[in-house]
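The values are calculated or read from the model by the stated rules, or taken from the named source; none is laboratory data. No experiment lies behind these values; they were computed from the predicted model shown. Don't worry about glycine lacking a Cβ; one is built from the backbone with ideal geometry, like all the others, and counts go over all protein chains shown.
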Amino acid sequence: MPESLYATPKIVTDLKQCCFYHTLEIPDVGVVDGIYDLRESFDDYVGPISFDGSRVLEIGPGSGFLTFEMEKRGAEVVSIELSNDVAWDYVPFNPFDSPLLADWIAEQRIVLEKTQNGYWFAHRHFDSNAKVHYGSAYDIPEELGHFDCSIMASVLLHNRDPLRIISNCAQVTKNTLVIIDQHDRELEEPGMPLLRFIPTRENGLAGTWWHLSHAFLKQYLRCLGFVEVSFSVTTLHHTPVLGGPTNALDSFSLVAQRSSTPPPADR
């Protein structure tokens, strides 16, 4: 497998050049704060799955909390992270309605770079063997090979075409797909396969496209041959502004197992 598929680990020594999506306890450094703290709830957040001996594809590692936790549990992890050469998948608002959109995109690029710095800072201190491919989940290289498990944690809502990402992961996954996303109770109550389009002209939310119901995702996963699907909900500790108040935010996990036989018809 060509080495160029994987990023050369970046040497980052200055915490001031880093952002952390999740709170981490980094060896020889201590606790660094992120906007989510999953230290006591990783297993509930991810769902009922064993990573021991598994080769795992992770879409969007952020600053690496899930990466390093899966490694601790015996996984070999390959992550796909957005490359600087790939266009940001933002909502293309009319520039006359959103004059600050260009500034927001530029700011997000800075945040992404600092988050990637946070990943490599922690990667070195954890003495991690995890690999990163810089590219796009819309185009997963065949050379990455196949995986026992693929995990998409809090990334689908930020992409225009989440079904394409799921199907791409399914094509390279032998056994298990894990989808974690924001739990929208209003979508769940009807029990129907629904999704909600989030941006409006008024709210100007350029970075979030969808809320997806678990019934919607489960129905699509069954189409892809992942028939056995477990569903669970976890309450997260969310601190939108570091140093500010912490609130509760619900997240759901779907753990889907591939079937080797044709799925039964829905009743």
Would you confirm whether any residue within the range 168-180 is surrounded by fewer than 19 Cβ atoms within 10 Å (Cβ to Cβ), part of a helix (DSSP H, G or I) and touching a residue at least 24 places away in the same chain (Cβ under 8 Å)? yes
With the structure loaded, tell me whether A248 is of a type in the set (G, A, S), assigned to a strand (DSSP E or B) and modelled with pLDDT of 95 or more or whether it fails that test. no
Got a sec? Which of V77, V86, V155 is β-branched (V, I, T), surrounded by fewer than 18 Cβ atoms within 10 Å (Cβ to Cβ) and within 19 Å of the chain's Cα centre (by Cα)? V86
Checked the range 60-86 for anything at pLDDT 95 or above and out of contact with any helix residue (DSSP H, G or I) (no Cβ under 7 Å at 6 or more places or on another chain); matches are G60, F65, L66, T67, M70, E71, K72, R73, G74, A75, E76, I80
Tell me, please, whether a residue that is among the small types (G, A, S) and under 30 Å from D250 (Cβ atoms) can be found in the range 101-112. no
Looking only at the range 34-68, count how many residues are of a type in the set (D, E) and part of a strand (DSSP E or B). 2
Considering only the range 1-28, how many residues are in a strand (DSSP E or B) and closer than 19 Å to H183 by Cα? 1
Got a number for residues in the range 134-174 being β-branched (V, I, T) and in contact with a Pro (Cβ under 9 Å, 6 or more places away or on another chain)? 1
R124 vs. criteria under 16 Å from the mean Cα position of the chain (by Cα) and either part of a helix (DSSP H, G or I) or modelled with pLDDT under 95 (or both): no
Taking into account only those residues within the range 25-74 that are among the small types (G, A, S), touching a Phe, Trp or Tyr at 6+ places or on another chain (Cβ under 7 Å) and over 20 Å from L249 (Cβ atoms), which is surrounded by the fewest Cβ atoms within 10 Å (Cβ to Cβ)? G74
For the range 52-66, pairs from a residue that is without any contact (Cβ under 8 Å) to a residue 60 or more places away in the chain to a residue that is assigned to a helix (DSSP H, G or I) and not β-branched (V, I, T), with Cβ under 6 Å and 6 or more apart or across chains, are S63/G118; S63/Y119
Considering only the range 92-110, I want to know if a residue exists there that is assigned to a loop (DSSP other than H, G, I, E, B), touching an Asp or Glu at 6+ places or on another chain (Cβ under 9 Å) and surrounded by 14 or more Cβ atoms within 10 Å (Cβ to Cβ). no
Restricting to the range 205-226, and then to whatever is of a type in the set (A, V, I, L, M) and outside any loop (DSSP other than H, G, I, E, B), can you tell me which residue is surrounded by the fewest Cβ atoms within 10 Å (Cβ to Cβ)? A215
Out of V31, V86, I need the residue that is assigned to a strand (DSSP E or B), farther than 24 Å from T176 by Cβ, without any contact (Cβ under 8 Å) to a residue 60 or more places away in the chain and of a type outside the set (G, A, S). Which one? V31
Looking for whichever is of a type in the set (D, E), out of contact with any Lys or Arg (no Cβ under 9 Å at 6 or more places or on another chain), outside any strand (DSSP E or B) and surrounded by fewer than 13 Cβ atoms within 10 Å (Cβ to Cβ) here; the options are E202, E186. Which one fits? E202
Please specify each residue of the range 189-199 satisfying the condition of being hydrophobic (A, V, I, L, M, F, W, C), surrounded by 13 or more Cβ atoms within 10 Å (Cβ to Cβ) and assigned to a loop (DSSP other than H, G, I, E, B). L194, I198
